[in-house]
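A short worksheet on the structure shown next.
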Amino acid sequence: MDFNAARINMVKAQVAPNKVHEPELLDGMMAVSRENFVEAGQRDLAYSDVPVGMSESRRCLKPLQSAQLIKAVEVQPGNKILVVGAGTGFEVAVLEKMGAEVFALESDGSLAEKGKKLTESDKVQWLVGDLDQ
């Protein structure tokens, strides 16, 4: 599968036509390889308009849902953003590409560990802990 072509199609066919026009957000989504954030057996679905597994019990948001949530934050370079329930970190990675300093909180240590590896940056800090407190 050509993941680069799938990523371009995701942004042009799913995200941009749905009132997500912010260049920094679109560029961030183009720069992050979403297929790396999902389960290996579901990589071919990473850019589809469906929730895709990142573990046996957890699913990633659909790409448009991720884009709409990030758009709502109105990210500016240098913003400090807390992502609760960060999963494997797709949204974390997009926010970092947009210039934000991101604090990722995840209760599942294995998802957080994968996220740490995928989002290695001095602008991202991962915390593992209970999300209820």
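The values are calculated or read from the model by the stated rules, or taken from the named source; none is laboratory data. Bear in mind the structure is a predicted one, so any value in this text is a computation, not a measurement. Ideal geometry is used to build each Cβ from the backbone, glycine not excepted, and the neighbour counts take in all protein chains shown. Calculation scope for accessible area: heavy atoms of the full protein, side chains included, ligands and nucleic acids excluded. Shrake-Rupley method; radii C 1.70, N 1.55, O 1.52, S 1.80 Å.
If you take the charge dipole of the chain about its Cα centre, with +1 on Lys and Arg Cβ and -1 on Asp and Glu Cβ, which of Val128, Leu105, His21 is farthest toward its positive end? Of Val128, Leu105, His21, it is His21. With all protein chains in place and a 1.4 Å probe, the accessible surface of the chain carries 49 percent carbon and sulfur. Length gained on full extension, Ala31 to Lys19: 2.4 nm, using 0.36 nm per residue less the C-alpha separation.
Over the chain, accessible surface divided per residue gives 54 Å², non-protein components excluded, 1.4 Å probe.
Given axes a ≥ b ≥ c from the Cα gyration tensor, I'd like to know whether the range 18-60 is rounded (a/c under 1.5), prolate (a/b larger than b/c) or oblate. In terms of gyration-tensor shape, prolate. Here the chain is treated with +1 on each Lys and Arg Cβ and -1 on each Asp and Glu Cβ, and its dipole about the Cα centre works out to around 300 debye.
Potential lengthening of the chain between Ser107 and Asp130 amounts to 7.8 nm, from the contour at 0.36 nm per residue minus the alpha-carbon distance. For Trp126, the residues 5 or more places off, or on other chains, whose built amide H falls under 5 Å of its own are Ala104.
Secondary-structure-derived ellipticity at 222 nm for the chain, considering helices only, amounts to -9500 deg cm²/dmol, per-run term -39500 (n - 2.57) for DSSP H runs with n ≥ 4. For the pair Lys62 and Asp44, the difference between a 0.36 nm per residue extended length and the Cα-Cα distance amounts to 5.1 nm.
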